[in-house]
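Inspection log for the structure reproduced underneath, given as structure tokens.
Bear in mind these aren't lab numbers, they're just calculated from the coordinates by the rules spelled out. These numbers come from a predicted model, not from an experiment. Heads up, the Cβs are rebuilt from the backbone with ideal geometry, glycines too, and the neighbour counts pull from every protein chain shown.
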Amino acid sequence: MNEFVVDIHEFRDRSYTIGYEQGRLLDKKQLAVYETFTKESMDLEGAQTVLKAFAPHLLEEIHGLADGLRIPYDIAMRYFSGYDLPKLQAMGCSSIVTQDFMVRNYDFSPLIYDHQLVFAQSEETYGSVGYSPIT
């Protein structure tokens, strides 16, 4: 079995700042991987409308990601919003965690996910714990 290393980060701030700090941690060179599973373009206005209605703080976090990575906002939305992704045959994350082990299925390749466990508490939302993209 290959060694699996996970970085652990904690963020407590405004959503924009949390996104910005995560963007600074991501390796911009590895963003090309996202081209393999996102469309060449997306309905940016539609994505913003949905996020504004259900999770406006994510718009701020994605703005922060774009600025932290120094990439255009529309590219950050395409890579990180989860909006209009091509349908995969089997989706459905599941995991089991005990004191002794952690087991998780992979909807996406571990090459782009699960290298960073993030504890985030933005001033605008409830806290969350979850895996974040590549570092």
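Annotations for the structure displayed:
- Rounded, prolate or oblate (a/c below 1.5 giving rounded, otherwise prolate when a/b exceeds b/c) for the stretch 1-60 by Cα gyration tensor: oblate
- For Glu45, net neighbour charge (Lys/Arg +1, Asp/Glu -1) across residues whose Cβ lies under 11 Å away: -1
- Projected label distance in nm at Ala53 and Asp7, using a 7 Å step from Cα toward the beta-carbon: 3.6 nm
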